[in-house]
């Protein structure tokens, strides 16, 4: 295969060092982060410019090879992993990592798709600005992947998903043409908002090569707190209370079940949690204010005061940046702790806030009635209605038991979500993992609209086949 016409043209496009064909070299690109999906590819191409991306896409078109765009390979749904069969090329954007422009007057930053999220946040920080998208994987996930999956993260409550943070895109289309839509405009009513077609499309319509993103003023103060509550109903009540006290300065509001937090302690070397004993539910919340810290602290203390009606049994406020980072590590280490325990069946769902408490209570009971070994492990972004409703196994049962019953668990969870007018995919995308769920739970009209867009932009079906649709 290394002497094939396709490999020759890829080599011409990006250079011999940037076309990987040996199994030992390509292997890291062929399996997803969770180890759930492994595919095959004729080659991995690593372009460094938009022109090189276009040349790779054109070479694949000539030789009828599929194109699987990949950034940091941190996705949780197998969306950036090639399919097991067929001809394909993994197009990895990691070498496209330049910050092209920071415009502090327009409050925008233009970056290439292979920039890590952390690199974008750091560039904004150096310019005295904030780029608010924040994920546990921000040191390795890339902006291209964040946009392709419409990533959410911990600050959606205040700033919105990746979709809301993007003003313009540069995209290489399925035929190799380049659409330059890198306009840093807040208002542009000159036709279809084409960037929104590509955001969240998981590389099935084109390859995002660069983006112009919104920047924000850095807050003068940032305060983080943990609070203990006895129920999800109390957590929702606290969220409403904090919104009334803090308004738009409430940046994050994370929910963590006791069962999700407990495995974090040995991983972080903790002898005790900041709040002990652990309550059934713990809230991590943050206020970012443009006033003095005393103003933020007064809002936070008033909102969490049980003597004034706050539905909390205990609370602790971070007294420094280091303490704040310590509290955030509790939340951000949950996925790693679950992975080290053998993994679980993951559900990334969203619901109206008014439905969440009932969903958690009723679905947990339904799961445990049907599967006496099952242990719901719930955490997530309560502020925007996004729960990671994972299901593992109680002590004494192998984690494999949950995977053996994955389809049945999915049915219980997804049916409950749909009854409550929620979504079975909030921020992780569909990838390979949830394609069947899309066919089952989306309406025929919606699926046909999606297929029409796919057919118009990728008539040969070469852009990331086997994903999303």
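Each reported figure results from applying straightforward, stated rules to the coordinates on display, with no laboratory input. Computed from a predicted structure; not experimentally measured. Please note: Cβ atoms are built from the backbone with ideal geometry, for glycine as well, and neighbour counts cover all protein chains shown.
For the pair residue 61 and residue 298, what calculated FRET efficiency results from E = 1/(1 + (r/R0)^6), where r is the Cβ-Cβ distance and R0 = 56 Å, to the nearest 0.05?
0.40
So, R0 is 51 Å and r is the distance between the beta-carbons of residue 446 and residue 322; what FRET efficiency does that work out to, to 0.05?
0.60
Can you show me the helix-derived [θ] at 222 nm for the chain, built from DSSP H runs with n ≥ 4 at -39,500 (n - 2.57) apiece and divided by the number of residues, rounded to the nearest 500.
So the helix-based figure for the chain works out to -10500 deg cm²/dmol.
Given a Förster radius of 45 Å and the C-beta distance between residue 354 and residue 22 as r, what FRET efficiency does 1/(1 + (r/R0)^6) yield to the nearest 0.05?
The computed FRET efficiency comes out at 0.25.
Per 0.36 nm of contour for each residue apart, how much would the distance between residue 418 and residue 192 grow if the chain were fully extended, relative to their Cα-Cα spacing?
In short, 78.4 nm is gained.
Place a point 7 Å from the Cα of residue 118 along the Cα-to-Cβ direction; which residues of the range 336-374 have their backbone N under 16 Å from it?
336
With contacts defined as alpha carbon pairs under 8 Å and 6 or more residues apart, what's the relative contact order of the chain in percent?
Reported as a whole number, the value is 15 percent.
Averaging over every viewing direction, what projected area does the convex hull of the Cα atoms of the range 223-360 cover, in nm²?
Computing the convex hull of the Cα atoms and averaging its projections yields 8.7 nm².
Tell me whether the range 374-422 comes out rounded, prolate or oblate; compute the Cα gyration tensor, take square roots of the eigenvalues as a ≥ b ≥ c, and use a/c under 1.5 as the rounded threshold.
Judged from the Cα gyration tensor, the range 374-422 comes out oblate (a/c at least 1.5, b/c at or above a/b).
Can you tell me the 0 to 90 degree angle between the C-alpha axis of helix 50-62 and the longest principal axis of the chain, rounded to 10?
Rounded to the nearest ten degrees, it is 60.
Using the alpha-carbon atoms, what tilt in degrees (0 to 90, nearest 10) does helix 117-126 show relative to the longest principal axis of the chain?
70 degrees
Using alpha carbon centroids, what distance separates the range 76-135 and the range 314-338, in Å?
26 Å
Under 8 Å for C-alpha pairs, at least 6 residues apart: give me the relative contact order for the range 342-431, rounded to a whole percent.
44 percent.
So, by mean Cβ neighbours within 10 angstrom, what's the order for 426-436, 327-337, 363-373 with the highest one leading?
Going from most to least packed, we get 426-436, 327-337, 363-373.
Return 164, 292 ranked ascending by Cβ neighbour count within 10 Å, so the fewest neighbours appear first.
292, 164
Based on the Cα gyration tensor of the chain, what are the three equivalent ellipsoid semi-axes, each the root of five times an eigenvalue, rounded to whole Å and given largest first?
Semi-axes, largest first: 38, 27, 20 Å.
Take every Cα pair under 8 Å in the range 99-217 that's 6+ residues apart, average their separations, divide by the length, and report that relative contact order as a whole percent.
That works out to 32 percent.
Residue 400 to residue 268: extension gain in nm, 0.36 nm per residue of separation minus the Cα-Cα distance?
Result for the pair: 45.0 nm of gain on full extension.
Between residue 329 and residue 106, what length comes free when the chain is fully extended (0.36 nm per residue of separation minus the Cα-Cα distance, one decimal in nm)?
Separation in residues times 0.36 nm, less the Cα-Cα distance, equals 77.0 nm.
Which of 141, 115 comes first, and how do the rest follow, when ranked by fewest Cβ neighbours within 10 Å?
Placing the least packed residue first, the sequence is 141, 115.
Rounded to the nearest 10 degrees, what's the angle between the helix 293-303 long axis and the longest principal axis of the chain, both from Cα atoms, 0 to 90?
70 degrees
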